[in-house]
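The values are calculated or read from the model by the stated rules, or taken from the named source; none is laboratory data. The structure displayed is predicted, hence computed values, not measured ones. Cβ: placed from backbone, ideal geometry, glycine included. Neighbour counts: every protein chain shown.
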Amino acid sequence: MRIITRFFLFIAASFGLCLGIAWITLPASADLSYYTEKASDYRVEIIRDSLGIPHIYGETDTDVAFGLGFAHSEDDFATIHDVLLATRGLLASEYGYSAAKTDYVVGFMGVWEAIETNYDEQVPAEIKAIADAYADGVNLYAATRADEFSRFLFPVTGKDIVAGFTFKTPMFYGFDKILGELNDQRKTHELAKTPPLSFQWRETQDLQLGSQGIAIAPHR
């Protein structure tokens, strides 16, 4: 009985030690007060109409980008938060193993390898400035919502914004769906042979393309 008791005490102590180590190694909560002060660098006004639609006025493109990041966060911070986590390849850190497949795809695509290799030299300075300004707008909003975001995420940088486009743009063209189908052993596939859809895997001859629609009023 003593051996069994000691064994369970050892297991409990080991488990407690693991929890302690895990707690110690968690990143500290981000201090975003800097972004509250940095907001004064931008000259922007956000006016919402009777429908709640934001109209953003700024002196420069970076001013408007900053306002857009803040307005987007006001309207749907939860989605921006999770897209940024996914872009970082850290979605599973917040949502567990069920989100690991998304993190795997980020690594499979080499998103951050491309960013670290090409961002400094290939992304134009004006685009970097706009991406940084948008990130500053998101960070400003997050600074007022300290209990609503993952400690693995903030502060957001311009690299995160560009990486997000690198990761998400192929999804608009069905990359995630095709990747999922190619890894589904229960399905058989054929290769399209007719331009302009050559070399796209599909289940039938009626490949459906399309993502989002946009309507523009005649007077526009």
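Figures for the structure shown
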item	result
Within segment 81-96, considering residues that are surrounded by fewer than 20 Cβ atoms within 10 Å (Cβ to Cβ) and of a type outside the set (D, E, K, R), the one nearest to the chain's Cα centre (by Cα)	Val83
Pair list, Cβ < 7 Å and 6+ apart or interchain, from segment 54-71 residues that are surrounded by fewer than 21 Cβ atoms within 10 Å (Cβ to Cβ) to residues that are charged (D, E, K, R)	Pro54/Arg48; His55/Asp49; Tyr57/Glu45; Gly58/Arg43; Glu59/Arg43; Asp63/Arg43
Test set (1) surrounded by 15 or more Cβ atoms within 10 Å (Cβ to Cβ); (2) within 14 Å of the chain's Cα centre (by Cα); (3) closer than 26 Å to Tyr42 by Cα - Phe165 fails condition number	(1)
Of all residues making up segment 97-110, the number that are buried (at least 18 other Cβ atoms within 10 Å of the Cβ) and hydroxyl-bearing (Ser, Thr, Tyr)	1
Filtered residue count, segment 139-162, keeping only those that are at pLDDT below 95, surrounded by 15 or more Cβ atoms within 10 Å (Cβ to Cβ) and either part of a helix (DSSP H, G or I) or among the acidic types (Asp, Glu) (or both)	5
Some residue of segment 124-133 being touching a Phe, Trp or Tyr at 6+ places or on another chain (Cβ under 6 Å), touching a residue at least 24 places away in the same chain (Cβ under 8 Å) and not in a helix (DSSP H, G or I)	no
Residue among Thr36, Thr62, Thr102 that alone is within 12 Å of the chain's Cα centre (by Cα) and of a type in the set (Val, Ile, Thr)	Thr102
Exclusive hit being of a type in the set (Asp, Glu) and either surrounded by 14 or more Cβ atoms within 10 Å (Cβ to Cβ) or over 24 Å from Gly67 (Cβ atoms) (or both), set Glu113, Glu126	Glu113
